[in-house]
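The values are calculated or read from the model by the stated rules, or taken from the named source; none is laboratory data. The model shown is predicted, which means the values in this text are computed figures rather than measured ones. Neighbour counts are summed over all protein chains in view; Cβ atoms, including those assigned to glycine, are modelled from backbone coordinates with ideal geometry. Ligands, DNA and RNA are stripped out before the accessible areas are found, and what is left, the full protein with its side chains, is counted by its heavy atoms. Shrake-Rupley method; radii C 1.70, N 1.55, O 1.52, S 1.80 Å.
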Amino acid sequence: GTPQKYDPTFKGPIYDRGCTDIVCCVLLVVAIVGYVVVGVVAWTHGDPRKVIHPTDSRGQFCGQQGTPNDLPCPSPIQICVSKCPDRYMTYLTAYGNPGSLEYYRNFCTPEFKNSRKAPIEVLKDRECPAMLIPSTPLVRRCFPAIQAKKGVIMVGNETTYDNGRGQRRNVTELLEGAKKANVVLETRQLAMKIFEDYTVSWYWIIIGLVIAMVASLIFIVLLRFLAGIMVWVMIVMVILVLGYGIFHCYMEYAKLKGEAGSDVSLRDLGFHTDLRVYLHLRQTWLAFLIILCVVELVIILLLIFLRKRILIAIALIKEASRAVGHVMSSLLFPLCTFFLLCLCIAYWASTAVFLSTSNEAIYKVFNESACPFSGQTCKPETFNTSNVTKLCPDAQCLFAFYGGETAYHKYLIVLQFFNVFMFFWLANFVIALGQVTLAGAFASYYWAFKKPDDMPAFPLFSAFGRALRYHTGSLAFGSLLLAIVQVIRVTLEYLDHRLKAAENKFAKFLLSCLKCCFWCLEKFIKFLNRNAYIMIAIYGTNFCTSARNAFFLLMRNIIRVAVLDKVTDFLFFLGKLLIVGSVGILAFFFFTQRIKLVQDTAPPLNYYWVPILTVIVGSYLIAHGFFSVYGMCVDTLFLCFLEDLERNDGSAEKPYFMSQNLRKLLKKTNKGQPDA
């Protein structure tokens with residue numbers, strides 16, 4: 001078994017380890033098998049065409065299932081047509097005119113064959129629409145062809161239309177119903193222009209992203225040499241800025257001496273919405289002066305007492321740069337994590353679509369007169385031969401909605417919930433696998449006494465194999481805890497959305513408190529999981545033991561944790577700002593043709609911001625990917641460093657594994673051992 005925390009025989013990470021949290025591993029496998037079964041059942045019953053293709057009033061897809069046409073005509077009844085109507089016409093005006101009636105037949109149901117049938121009967125039987133409106137096709141549907149000429153809303157060059165009952169109506173009444181269609185049309189035109197911009201600029205975008213990748217790599221390498229300089233420059237700049245603030249407040253305080261009204265106290269002045277009033281009071285500047293002096297004094301005292309810890313943080317950051325240099329493949333490993341996350345997202349999205357389209361077309365009996373069967377379900381194939389038509393001659397079997405009455409349809413919401421839960425669990429598992437793999441690779445660097453000679457030949461692949469072989473259960477345990485909290489948060493967000501219109505203030509307050517608590521809980525579990533995975537990679541202990549040891553180890557060194565966290569946050573912020581800013585500015589000058597040397601090379605664009613934003617967002621994601629690896633390296637080396645200090649004393653039996661620079665900084669030596 002693995003040694004306990006202060007075993008005197010411990011010298012480094014243990015590679016001879018056993019499987020951990022086997023129950024959770026089995027539970028994950030069973031859940032994945034169940035997830036696959038749910039996916040297969042959903043793919044068997046679902047039909048994504050319900051989302052893509054329009055349907056007629058009978059629930060049949062246009063262009064399929066015996067409806068050879070492609071577009072649903074806009075009318076009180078949905079009818080599949082080959083093309084949209086291009087003129088105003090009512091059935092009453094078309095009736096009796098063979099030419100008009102022949103054109104009108106294109107927008108009637110296939111059952112309409114008797115052209116001599118009275119118009120009132122045709123409209124009653126819903127065989128033809130009462131009127132036609134000039135329309136245009138959009139996303140395989142017909143929408144009123146609304147246009148504005150000199151500020152006047154028109155449809156087909158007309159400002160009014162016949163509603164089929166001999167009444168003239170204003171076309172503005174159609175405007176509200178077509179607003180969303182116009183938004184879709186404008187969005188489609190915008191998307192086409194953006195697509196054109198991508199087709200002529202994609203290779204320049206790739207060049208910009210390559211530049212961002214190279215810049216990120218160079219920045220990580222330079223941290224080995226410039227980390228200390230950047231941190232101390234930042235600290236000096238903060239002190240100087242505060243010093244200037246103190247000087248400015250004193251000068252303003254002295255300048256107001258003797259001026260009328262400047263000696264009024266803040267209490268006597270009271271509250272004013274115009275904050276500039278307070279700037280004319282000496283007491284305001286005196287308060288600013290005291291606050292800045294206190295902040296300046298606190299920072300200087302912290303620097304005096306935390307100087308050594310800041311130096312340790314800088315040394316660890318430099319050491320992390322060396323570790324990344326010895327495990328260069330780690331910089332590409334986020335691509336593997338990204339690919340696995342894409343698979344999880346694709347499976348979840350496709351399963352969700354198939355589940356949501358698993359409902360069947362439900363038909364019900366519609367009848368204008370009294371009928372005992374009205375509202376009951378029916379089948380169009382056998383309806384004409386059933387007893388319903390005999391007892392209710394004018395009854396019709398029409399499409400009502402998509403639904404189902406089987407056990408599968410009743411539990412669709414449960415399957416959707418299971419789909420969401422499994423997505424969170426698997427996504428968190430993939431992220432955990434990436435973290436423990438990187439931690440294992442960088443831990444093998446730290447615990448190599450002779451760096452890099454004692455490291456495995458392929459540290460990243462070795463760590464990946466150990467994680468899958470021995471610690472799948474532990475990763476499943478940690479990701480399960482996080483998934484449960486995230487599902488609860490999603491549920492609370494859904495409830496909050498549903499309660500927006502409610503006026504129960506206590507319920508809203510309680511929901512807000514719960515959302516805040518679970519947000520904090522999620523952040524804490526993420527922090528705990530990250531450090532637990534590092535301890536799993538080092539020792540091979542189970543999740544609970546690793547989480548407990550990591551937490552108490554960090555609590556015993558809380559000041560070092562705080563200093564290292566803030567120093568690395570600053571460096572990562574500076575790096576992202578530098579990389580994204582420089583690449584974004586370069587892309588702006590290039591695509592706006594402001595660089596004279598390559599002015600003719602830049603492609604012509606509809607919107608120059610399209611490639612610029614793409615380069616900026618892509619550069620940020622690339623920089624974030626590189627720095628996430630670097631951050632994991634810093635955290636791993638930090639925990640290894642703390643364990644090294646607590647377990648070893650520099651003797652021949654228990655030598656320090658930290659680098660020579662860290663030993664010099666801490667004034668530690670290895671007796672009887674050569675320097676690492």
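Computed values, structure above
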quantity	calculated
Gyration tensor over alpha-carbon atoms, the stretch 336-489, equivalent ellipsoid semi-axes in Å	61, 13, 9
Counted charge near ALA532, where neighbours are those whose Cβ lies closer than 13 Å (Asp, Glu -1; Lys, Arg +1)	+1
Cross-link pairs beyond the 26 Å C-alpha cut-off, checked among LYS566/LYS667; LYS318/LYS450; LYS410/LYS500; LYS50/LYS364; LYS318/LYS576	LYS410/LYS500
Selection of chymotrypsin sites (Phe, Trp or Tyr not before Pro), the stretch 319-411, meeting DSSP coil and at most 14 other Cβ within 10 Å	TYR411
Approximate spin-label separation THR382-ALA361, in nm, with each point projected 7 Å along Cα-to-Cβ	1.8 nm
Total charge dipole magnitude, the stretch 495-623, about the Cα centre, Cβ charges on Lys, Arg, Asp, Glu only, Debye to nearest 20	400 debye
When the stretch 249-328 is reduced to its Cα atoms, the Kirkwood hydrodynamic radius in Å	16.5 Å
Ranked by how many other beta carbons lie within 10 Å on average, peptides 117-125, 455-463 from highest	455-463, 117-125
Rounded percent of accessible protein surface that carbon and sulfur make up, the stretch 298-352, 1.4 Å probe	80 percent
ASN606-VAL210 FRET efficiency (beta carbon distance; Förster radius 22 Å; 0.05 resolution)	0.35
Residue (of LEU286, THR351, LEU303) at the positive-pole extreme of the stretch 274-356, dipole from beta-carbon charges	LEU303
Surface accessible to a 1.4 Å probe, per residue, for the residues of the stretch 272-326, Å²	57 Å²
Measure of compaction for the stretch 439-521 (Cα Rg per 2.2 N^0.38 Å)	1.88
Range of Cα positions in the stretch 293-395 per principal axis (Å), largest first	98, 45, 12
Two-site label geometry, PHE589 and CYS544: point separation in nm, points 7 Å out along Cα→Cβ	6.0 nm
Packing-based ranking, highest mean first, of 27-39, 505-517, 656-668 given that Cβ atoms within 10 Å are counted	656-668, 27-39, 505-517
LEU306-GLU522 pseudo-label distance in nm [points 7 Å out on the Cα-to-Cβ vector]	2.9 nm
Mean Cα-pair separation over length for the stretch 536-676, i.e. relative contact order, pairs under 8 Å, 6 or more apart, %	18 percent
Linear extension gain, VAL200 paired with LEU511, 0.36 nm per residue minus alpha-carbon span	107.0 nm
